Every structure is written in C-alpha cells, then in structure tokens.
Amino acid sequence: MIGLAGFAGLWALSRRIEDARAGQVSVLEGTARFAGDGAGLTCDEAGTLHVPGQPPMAATRRYLWRETGGGIAVLFADGRAFHRFDPAGGAPGDTHHCRPDTYVVTYDFTRWPRWRARWRVTGPGKDYVMVSCYAPFAGAETEKLGLEGKEWPIR
C-alpha cells in the first residue's frame, strides 16, 4: 500500500496540457521534490514550460501533502484545502470547485513507482486536460515518462 512516505524524494516530472479553448498543447519538463516539513510533505515542482508561440518559461508551484485517516490531503501552499485522495482506492481522485471552474483529478498508481495525475478543468474560460507523469528521478532522464504512449492516454 502506498502511503504519504512513499512519495518522499525527487521525481522526474513530465506534464502535457491540452487546451481545447486555445487549440494548443503545452509541455512542461522538470522535477517534483517531496520533502518532509514536520507535518507531512511539501511538494515543490520546478520546470520549463513550453507554450506554442512563446519563449520557454520557468514554472514553479508548491503544495502541502498531509496524511489523513482516509488517505492524503493536498493543500495549497497557504494551507487552504485543495483535494483529497486515497492511493489505495480503486479509482483515486477528487473534485475541487473553484467557482466558476471545476477541477476533477484522477490518480493512477498501477505502475508504481511511476504514477500520474490527470486533471480535467472546465469553466467559462477554461477547457483543458492536464496529465502529469512522475517517475523516480534516478535514470528518468534517459526515457520519456509515457506521455506519448498508449500507456498514459490523455482522454
């Protein structure tokens, strides 16, 4: 069973964002570092985002991961609740409402320690699917994380 401690460490991160509204695909390559912070883990993502027609840009984000009785709670960096999931659940995922937008996440741990998070985001100004694939960093730089393959379909 995967618990919070199983995520600790450095992960290679590959992210693909299919934006239906803009009609384009953006890609991020980078890392996600999960480090103990006394209350759980802090997840710091850093990478280079490639958006069509724009120069590459640095991208970062931070989340707080906390163990709960029913799995893992993910919080924004300022401590506000984001979503929860149970890595041992049959279809781990959750929905986050940020009016007027809706964020639906599904996690896939079937190839652990490689895993992914798929977000479907909809709202008046948003319509995209974002898939983030994670792999233990050691050796990950020698192979793609499966974004192009059938193993990790976007839809």
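Could you grab the relative contact order for the range 4-138? Cα pairs under 8 Å, six or more apart, rounded to a whole percent.
It rounds to 21 percent for the range 4-138.
So which trypsin sites (Lys or Arg not before Pro) in the range 12-111 pass both tests, a DSSP loop state and at most 13 other Cβ atoms within 10 Å of the Cβ?
The qualifying sites are R21, R80.
Using +1 at the C-beta of Lys and Arg and -1 at the C-beta of Asp and Glu, which of T102, T48, G70 has the Cα lying farthest in the positive direction of the dipole of the chain?
So the residue furthest toward the plus end is T102.
When the dipole is taken about the Cα centre of the range 4-138, and only Lys, Arg (+1) and Asp, Glu (-1) are charged at their Cβ, what size is it in debye, to the nearest 20?
So the dipole magnitude of the range 4-138 works out to roughly 120 debye.
Which is the longest stretch in the chain that no exposed loop site breaks, taking sites as GluC sites (Glu not before Pro) with a DSSP loop state and at most 15 other Cβ atoms within 10 Å?
Value returned for the longest uninterrupted segment is 1-142.
Towards the positive end of the charge dipole of the range 4-138, with charges on Cβ (+1 Lys, Arg; -1 Asp, Glu), say which of W115, A81, F137 has the farthest Cα.
W115
Quick check: residue separation of T60 and T122 times 0.36 nm, minus the Cα distance between them. What number comes out in nm?
Once the chain is fully extended between T60 and T122, it gains 20.1 nm.
In whole Å, largest first, what are the principal axis extents of the Cα atoms in the chain?
Result, largest extent first: 43, 40, 29 Å.
Once the Cβ-Cβ distance between T48 and E18 is put in as r, and R0 is 22 Å, what FRET efficiency do you end up with, to the nearest 0.05?
My answer for the efficiency is 0.75.
Readers should treat all values here as calculations from the given coordinates under stated rules, not as data from a laboratory. This one's a predicted model, so the numbers in the text were calculated from it and none came from an experiment. Note: ideal-geometry Cβ built from the backbone for every residue, glycine included; neighbour counts use all protein chains shown.
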